[in-house]
Amino acid sequence: MISSFKTTVASAIGGLILLSSAHSSLADELTDRINAGDPIRLGFATAIPWAYPGDNGEPLGFVNALTLVVLEEMGITNYETSVNEWSGLIPGLQADRYDIITGGMYILKSRCENINFTDPIGLFGDAMLVPAGNPQGIHNYQDVIKTGATLVTGAGFNTVEAAKKEGVPESQMMLVAGEVEILAAMNAGRADVAVQTFFGAKEHVEKSDGKYDVTDPADMPEWTQNWVGIGMRKSDPDFLAAFNEAMAKVIGGEKWMAATAPYGYTEFQLPGEDASTEYACANR
Amino acid sequence: MDTTHPQVLPEGSPLVRFSGVTKCYGPLTVLDKLDLDIAQNEMVSIIGPSGSGKTTVLRVLMTLEKINDGVIYVDGEPLTHMPKAGGLTFATEKYLHERRSKIGMVFQQFNLFPHMTALQNCVEAPMQVLGLSREDAEERALNLLELVGMGDKKDQHPTRLSGGQQQRVAIARALAMRPKVMLLDEVTSALDPEVIGEVLNVIRSLNSEHNLTMIMVTHQMGFAREISDRVCFFYEGKIAEQGSPEQLFGDPQNERTKQFLHAVLDAN
Amino acid sequence: MGYWEFLVEYLPKLANGAVMTVMVMVCATLLAVAVSMVFGLMRLSSHFAIQGAATVYIEFFRGTSLLVQLYWIYYVLPLMGLTLSPFVSGVLALGLNFGAYGAEIVRGGIQAVPRGQYEAALALNMSPFSRMRRIIIPQIYTIILPPAANLTVELLKATALVALITVVDLMFVAKQINATTWLSAQVFGTALIIYYAMARFALIPFLRWLELIAARKIGKA
Amino acid sequence: MEWRWEFAWEILPRMLWATGNTLLAAGVGYTIAVVLGLLLMLGQRTPYRLINMPVRELVEFVRSTPLLVQLFFVFFVAPQFGIKLSAWTAGMLTIGLHFGTYLSEVYRGALEGVPKSQWEACRALNFTTGYTYRRVILPQAFPIALPGMGNYLVGIFKDTPLLATIGVAELMHTANALGAETYRYLEPYTMVGFIFLIISLPTALGLRRLEAAVARAQGNTRH
């Protein structure tokens, strides 16, 4: 009697384990969680107009806006946000503090080694933020080297790598925590020139009542033009695929353009037909 | 401006004169229009219950505290005040500094400088204030340390010395300034009973052999009786009774004095 | 924008942040007190291993910087498979760090109780446990409260660091407002004043009140 | 994630270089604090209420608000008033002021720790005020102040990582940058912790020895 009871229990437990493992092999963890009705968690930093929090932490900026369009297409309307330092975005994703990075990250080789990216959401370039009238005549990294100017940018920004590749010595570079601190450093005269995304620089020009100009992004090295994607954990490939599928339906569409227009995103920023994350990962 | 007190005392006046001295701590009057003269070479003991103002007499004379009214004269000239336009005004620090060295004081708690040796304690002020050379100051200090029986401990720091030894160094330190008047503030109160004798012996020899002018606040009635020229009994900020030791201890007139002497002598 | 309009618009948000600051502060203080007691007593153990463990703990947490500990718990622990929420990470770092300082205060307090008290308790044949609990601990409150109060004010100030690991506290809210408005003087000035008010008019009076109670219990006030 | 020795070895030179900056920041900040602390203490001790009240309030305010917020305040606000400070200068001044207020309390406590009777003894020996400070009060106040001064030396060292938030390239800043470049946080942050431990433990021990030595030299095992 007793022994048969034991066998029953044991087989029941075994069955449960089998069941649960069978279930988890159907899809990745994130997909499971979303299907179970959990909110998706968006991680980003304060980088106007790319992605930044509203007064109550709501996701603003065009990367957040278009992400929400895609999520809606996937039937997901339940989300949470997490606001981080830029340099903490990737470790935060790996530490499972949020599920996707909507900060507006360039798809770069070094980043691809650590996280996955969705298909590109746009093609963007960097630019220099210089004092009005550009007295030192700085348009790109080579000009920075020539003039010996102090260049400020954000810790963990792609521009750090780019500046190094272009040969800017470390002594000429100043790293701060993010976009906000970049403008503060310029205001304080701690740096002569800042390098950041064209969008970010434009935003700063508007904020400073003509104290600064933004240089033409076309003056920057061609190879620093970058595609931006949404970052995801390598362990969530199913969710990535589903996201890409949904995005393909809406990208460049009416909803997409309407959601991003307030932030200055136009059709010129669309990634183009032949853009691929694989190419960016291999070449940037 | 005070014009009721003279700017100088006439020739032949006593070494120290308290003239109508009043000292208050807030609402509390600790010295009440005190008049007291101390003659050259006189040894005066001050006794009385605690709170009677006896220690304050020494503290105001040492200029540790400012008085509220009256004038203290030392050596014929005002100490707490200085002459100004026909009257007297409160002394400035500079004026005090020029006269304070006439007075020396030994404290109940010794107040030796803990970061200096016994010798350094005695050398410091003569060199700094009196301007003696190091050799002269050290010679003077060594003689005095010998006098108080502390010659062999001259290089010790105070924390290594017993209370009695510390107090003897403190006496030597005060003497090194060659003051005209020595103030002894309950110098044995903080000492263990077995070392009181050594300190009293030093004072005894100073009195008999060196003829110093001394004012001593004490609880040692026997010692006060033995050594003093005059004993003052303080009560509520005033001298209730004074006289020779024989008279004051043997035949006190004042009721308060009798009560006080009864109380302390019975306790002993 | 005048300062008054600024306050009307942003003070409620800063106040929300301040509430989070208080929550972090309270939780971290509770943890720190527990850690202090445990490691302070361990430090006095006659058992070599127990005392050694406490010493290593205390020296480790006092020897490294709070911000380093905070980042380590927030960024590195997850790499080892332990992901704590920002709030828990912040409370843990603050509690463990300040607990190490508190342990030294507890140890000092116990050692400051006169030897005669132990001997008297021993003479009454009390057990080591009840000697500690009934005789020594009640006496240490008056000794340890003043330094512990200083440490608590330090803890309140240190809570600002949790903003760097995305806890939405007063400092975090201030940074956010600054990022969108650039009213730096107003926003950081107001934040400083709120921190000051919390310390001076809430925390310190409360700690003084505790000191008074402890003094009364021992008949010193 | 596993610890990678070769990576740790690779970043070690940069970490050590940054350690130099951390020590420099702590040293400069402490020097400013020692001097500012003295001025603040004197300001509080002047008999003029117009000076001592504001100084007292300033010290209270700076002491009870977070250094991190102060750093942000100086970093963001000073430029708005046309004061252009480098990140280093801003950081050094702020941390110097913050710890200066602590040190002013240490000095004050030390001066008050010298018994009043020492002042009286000096007066009885007719020393001037200046001489009394120099020869009697300060030599006795110094050993009292020493433990507090030592604690805050170690304290300022351990607070230097906060300077990273305003862009001072010290140890923490370098670890952040390395993490952001390589996406490896285990080694940089762990190494920062150990470097701090390696420096602060012997320093604390040395300071304790120094205190004992000073106390001995003064013949003064304090009551």
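Yes/no matrix, rows are residues, columns are (1) surrounded by fewer than 21 Cβ atoms within 10 Å (Cβ to Cβ); (2) under 19 Å from the mean Cα position of the chain (by Cα); (3) not assigned by TED's automatic domain parsing to the domain that holds residue A:44:
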{"residue": "A:208", "(1), (2), (3)": "yes, no, yes"}
{"residue": "A:220", "(1), (2), (3)": "no, no, yes"}
{"residue": "A:231", "(1), (2), (3)": "no, yes, no"}
{"residue": "A:244", "(1), (2), (3)": "yes, yes, no"}
{"residue": "A:257", "(1), (2), (3)": "yes, yes, no"}
{"residue": "A:266", "(1), (2), (3)": "yes, yes, no"}
{"residue": "A:275", "(1), (2), (3)": "yes, yes, no"}
**Request:** Return the only residue of B:173, B:178 being within 14 Å of chain D (Cβ to nearest Cβ), assigned to a loop (DSSP other than H, G, I, E, B) and either charged (D, E, K, R) or at positive phi (or both).
**Result:** B:178
**Request:** Of the conditions (1) outside any loop (DSSP other than H, G, I, E, B); (2) more than 18 Å from residue B:180 (Cα to Cα); (3) in contact (Cβ under 8 Å) with a residue 24 or more places away in the chain; (4) among the basic types (Lys, Arg), residue B:17 clears all except one; give me its number.
**Result:** (2)
**Request:** For residues that are touching a strand residue (DSSP E or B) at 6+ places or on another chain (Cβ under 9 Å) and surrounded by fewer than 22 Cβ atoms within 10 Å (Cβ to Cβ), scanning just segment B:39-52, find the one that is nearest to residue B:209 (Cα to Cα).
**Result:** B:41
**Request:** Go through segment D:22-64 residue by residue and tally those that are touching a helix residue (DSSP H, G or I) at 6+ places or on another chain (Cβ under 7 Å) and either closer than 30 Å to residue D:185 by Cβ or of a type in the set (A, V, I, L, M) (or both).
**Result:** 17
**Asked** Filtering segment D:86-109 down to residues that are free of Cβ contacts under 8 Å to residues at least 40 places away in the same chain and farther than 20 Å from residue D:147 by Cα, which residue is farthest from the other protein chains (Cβ to nearest Cβ)?
**Response** D:94
**Message:** Suppose the filter is in a helix (DSSP H, G or I), in contact (Cβ under 8 Å) with a residue 60 or more places away in the chain and of a type in the set (Lys, Arg); does residue D:56 pass it?
**Reply:** no
**Asked** Quick one: which strands (runs of 3 or more DSSP E) sit completely within segment B:24-109 and have at least 2 residues that are under 26 Å from residue B:129 (Cα atoms)?
**Response** B:69-74, B:81-84, B:87-90, B:103-106
**Count of residues meeting criterion [more than 8 Å from chain B (Cβ to nearest Cβ) and of a type in the set (S, T, N, Q)] in segment D:130-149** = 1
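Being buried (at least 16 other Cβ atoms within 10 Å of the Cβ), more than 16 Å from residue C:159 (Cβ to Cβ) and without any contact (Cβ under 8 Å) to a residue 12 or more places away in the chain is true for just one of C:56, C:76. Which residue is that?
Values: C:56 fails: buried (at least 16 other Cβ atoms within 10 Å of the Cβ).
It is C:76.
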**Request:** Please enumerate the residues belonging to segment B:210-247 that are under 15 Å from the mean Cα position of the chain (by Cα) and aromatic (Phe, Trp, Tyr).
**Result:** none
**Failed condition for residue C:198, given (1) of a type outside the set (D, E, K, R); (2) within 23 Å of residue D:82 (Cα to Cα); (3) within 12 Å of chain D (Cβ to nearest Cβ)** = (2)
**Asked** Quick check: is even one residue across segment C:154-162 in contact with a Gly (Cβ under 8 Å, 6 or more places away or on another chain) and farther than 29 Å from residue A:94 by Cβ?
**Response** no
**Message:** residue A:143 - would you say it is of a type in the set (D, E, K, R) and assigned to a loop (DSSP other than H, G, I, E, B)?
**Reply:** no
**Message:** Here are the criteria: (1) farther than 18 Å from residue B:57 by Cβ; (2) surrounded by 18 or more Cβ atoms within 10 Å (Cβ to Cβ); (3) touching an Asp or Glu at 6+ places or on another chain (Cβ under 9 Å). Tell me which single one residue B:249 does not satisfy.
**Reply:** (3)
**Item:** Among (1) farther than 30 Å from residue C:161 by Cα; (2) in contact with a helix residue (DSSP H, G or I) (Cβ under 9 Å, 6 or more places away or on another chain); (3) assigned to a helix (DSSP H, G or I) - the single one residue D:127 does not satisfy
**Value:** (3)
**Fill in**
By residue number, the members of segment B:189-223 that are of a type in the set (Val, Ile, Thr) and either touching a Pro at 6+ places or on another chain (Cβ under 8 Å) or farther than 26 Å from residue B:37 by Cβ (or both) are B:195, B:196, B:199, B:202
**Asked** Just checking, which of A:89, A:129, A:93, A:66 is in contact with an Asp or Glu (Cβ under 9 Å, 6 or more places away or on another chain), crowded, with 20+ Cβ neighbours inside 10 Å and part of a helix (DSSP H, G or I)?
**Response** A:93
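Listed here are the residues, each with its yes/no results for (1) out of contact with any helix residue (DSSP H, G or I) (no Cβ under 7 Å at 6 or more places or on another chain); (2) of a type in the set (Asp, Glu); (3) within 12 Å of chain C (Cβ to nearest Cβ); (4) within 19 Å of residue C:178 (Cα to Cα).
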position	(1), (2), (3), (4)
A:53	no, no, yes, yes
A:62	no, no, no, no
A:69	no, no, no, no
A:76	no, no, no, no
A:93	yes, no, yes, no
A:98	no, no, yes, no
**Fill in**
Scanning segment B:111-167 for residues that are of a type in the set (D, E, K, R) and assigned to a helix (DSSP H, G or I) gives B:124, B:134, B:135, B:136, B:138, B:139, B:140, B:146, B:152, B:153, B:160
**Message:** Pairs needed: first member in segment D:1-14, under 25 Å from residue A:95 (Cα atoms) and touching a residue at least 12 places away in the same chain (Cβ under 8 Å); second member anywhere, assigned to a loop (DSSP other than H, G, I, E, B) and not small (Gly, Ala, Ser); C-beta distance under 8 Å; at least 6 residues apart or different chains.
**Reply:** D:1/D:184; D:4/D:184; D:7/D:184
**Item:** Residue tally, condition more than 13 Å from chain D (Cβ to nearest Cβ) and farther than 19 Å from residue A:85 by Cα, over segment A:100-116
**Value:** 1
**Asked** Before we move on, is residue B:106 crowded, with 18+ Cβ neighbours inside 10 Å, within 23 Å of residue B:216 (Cβ to Cβ) and either in contact with a Lys or Arg (Cβ under 6 Å, 6 or more places away or on another chain) or among the acidic types (Asp, Glu) (or both)?
**Response** no
**Prompt:** What pairs come up if the first residue lies in segment C:201-214 and is of a type outside the set (Phe, Trp, Tyr), the second is not in a helix (DSSP H, G or I), and their beta carbons are under 7 Å apart, counting only those six or more places apart or on different chains?
**Reply:** C:212/C:221
**Item:** Which numbered condition residue D:83 fails, given (1) away from chain C (no Cβ under 14 Å); (2) among the hydrophobic types (A, V, I, L, M, F, W, C); (3) part of a loop (DSSP other than H, G, I, E, B)
**Value:** (1)
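For a quick check of your reading: which helices (runs of 4 or more DSSP H) sit entirely within segment C:105-183 and have at least 2 residues that are within 14 Å of chain D (Cβ to nearest Cβ) and under 14 Å from the mean Cα position of the chain (by Cα)?
C:137-158
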**Request:** For residue A:77, state whether it is closer than 28 Å to residue D:185 by Cβ and modelled with pLDDT of 90 or more.
**Result:** no
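The values are calculated or read from the model by the stated rules, or taken from the named source; none is laboratory data. Everything numeric here is computed off the predicted structure, so don't read it as measured data. Note that each Cβ is placed from the backbone with ideal geometry, even for glycine, and that neighbours are counted across all protein chains shown.
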